[in-house]
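The following block contains the structure, expressed as structure tokens.
What follows is calculated from the coordinates using simple rules that are stated; it is not laboratory data. Here the structure is a predicted model, which is why all the values come from computation and not from measurement. Positions of Cβ are generated from backbone atoms using ideal geometry, with glycine treated the same way; all protein chains shown enter the neighbour counts.
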Amino acid sequence: MNATLTKTIAASIIVLLAACGKTTPETDKKAAATEPAATASVDADAKKVIRFGSDATYPPFESTSPNGDIVGFDIDVAKAMCEVMQAKCTFTNQDWDGIIPALIAKKYDVIASAMSVTPERKKAVLFTKMIWATPNLFVAKADGQINNTSAESLKGVDVGVQQGTVQDHYLTKHYSGTNIKRYKTVEDAIADLGTGRLKLVFADGGVVTHLVDDEANKGYKIAGDPIQNSADADILGAGTAFAVRPEDKALADELNKAFETVRANGTYKKIADNTLSLMCIQQVIKVGLKN
């Protein structure tokens, strides 16, 4: 959906990695456009242009490079799919809270942003095949004393989460006694964890594993047990996918065919090897490689 954080998986189509399961905000129906949908535009060279939107605050899946480019695992997979489709891709950075309304308003054609597939979200968008899946994890400072992360144990404890994500919704429902602190980005939550304002941060497993596996961030650790998506599938979903407008079924079909090609020809694994940490790959990639 971040003071340099990263996502452990366990799910459906791509990876069993502690990775990223970012959630999507509620649909803003007022943002729905009334004009007919245009799934892809055409540039001067008559080459199909597919516009992607992403909240680039979720490394290693999507983030911005020092020169401002949007980079990450989801982005590289999208580019590989566009190559198969012989299409040109463009990428727009979009805040998470407005990511679905901006799709409906035709700011872009596809959401590629670690979006969890949930029943609520399916009412607003059409999902592609699952791109990857991961469990959800608590992260703490390496010297932190909290090891039991049950709802009972975290009563009164300050826990940070990115607002509007599936992790936010899960804590709200199942951890009502916890002192939940909501942040615009995971990086902001991690920053407060580092300064001691928080005891824990709850986020997608892929993001968390990326963080604790990074040599520059050895001051953090995974706390407690992973929370699998199956703990509340209505909220946490079954994994992540790309999303298009409901009427753009032809585009979704094209994306699905391209994804199958990228997976079958080894490109998906190559991208994972180049983009994700070993810990992340061990937990997130298995679905994408085997299914």
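Starting from the amide H of LYS48, placed 1.01 Å from N in the peptide plane, find each other amide H under 5 Å away whose residue is 5 or more places distant or on another chain.
LYS88
Amide H neighbours of TYR220 under 5 Å, counting only residues 5+ apart in sequence or on other chains, H built in-plane at 1.01 Å?
Hits under the 5 Å cutoff: ALA142.
Per residue of segment 174-185, in order, report the coupling 6.51 cos²θ - 1.76 cosθ + 1.60 (Karplus, θ = phi - 60°) as ³J(HN,Hα) in whole Hz, putting x for Gly and Pro.
These are the phi-based 3J(HN,Hα) values: 9, 10, 5, x, 7, 7, 7, 10, 9, 10, 5, 9 Hz.
What does DSSP give for segment 29-290 in terms of the percent of beta bridges that are antiparallel, rounded to the nearest 5?
Expressed as a percentage, antiparallel bridges in segment 29-290 total about 60.
Please tell me which of these pairs span more than 28 angstrom C-alpha to C-alpha: LYS181/LYS221; LYS106/LYS181; LYS48/LYS269? Write out the running numbers ahead of the final one.
Details: LYS181/LYS221 19 Å; LYS106/LYS181 32 Å; LYS48/LYS269 26 Å.
Pairs exceeding 28 Å: LYS106/LYS181.
At q = 0.14 Å⁻¹, what is the base-10 log of I(q)/I(0) for segment 29-290 according to the Debye formula with one equal point scatterer per Cα and no solvent? Please give it to two decimals.
-0.96
Separate question: Quick one: if you stick a label point 7 Å off each Cα along the C-beta vector at GLN86 and LYS270, how many nm between them?
Result: 2.0 nm between the two label points.
Could you list PHE61, PHE242, PHE138, PHE73 in order of exposure, starting from the residue whose Cβ has the fewest other Cβ atoms within 10 Å? Intermediate values should be presented prior to the final figure.
On the way: PHE61 36, PHE242 27, PHE138 24, PHE73 33.
With the sparsest Cβ surroundings first, the list reads PHE138, PHE242, PHE73, PHE61.
Short version: ³J(HN,Hα) in whole Hz for each residue of segment 106-115, in order, from phi by Karplus 6.51 cos²θ - 1.76 cosθ + 1.60 (θ = phi - 60°), x for Gly and Pro, what are they?
The phi angles translate into 6, 5, 8, 9, 9, 8, 10, 8, 6, 8 Hz.
Leaving out same-chain residues fewer than 8 places away, which aspartates and glutamates sit with a Cα under 20 Å from that of LYS249?
GLU35, GLU83, ASP109, GLU120, GLU260
At a 10 Å Cβ-Cβ cut-off, how would you order LYS184, LYS218, LYS129, fewest neighbours first?
LYS218, LYS184, LYS129
Given points 7 Å out from each Cα along the Cα-Cβ axis, report the LEU126 to LYS107 separation in nanometres with one decimal.
2.2
Can I ask one more? Among LEU198, ALA272, ALA114, whose Cα lies farthest out toward the positive end of the dipole of segment 29-290, if unit charges sit on the beta carbon of Lys, Arg (+1) and Asp, Glu (-1)?
Of the listed residues, the answer is ALA114.
Against the globular-protein guess of 2.2 N^0.38 Å, express the Cα radius of gyration of segment 128-252 as a ratio, rounded to two decimals.
For segment 128-252, the normalised Cα radius of gyration is 1.12.
5 Å is the cut-off here: which amide hydrogens, built 1.01 Å from N in the peptide plane, fall below it relative to ILE131, excluding neighbours closer than 5 in sequence?
Under 5 Å from the amide H of ILE131 lie the amide H atoms of THR240, ALA241, PHE242, each far enough along the sequence or on another chain.
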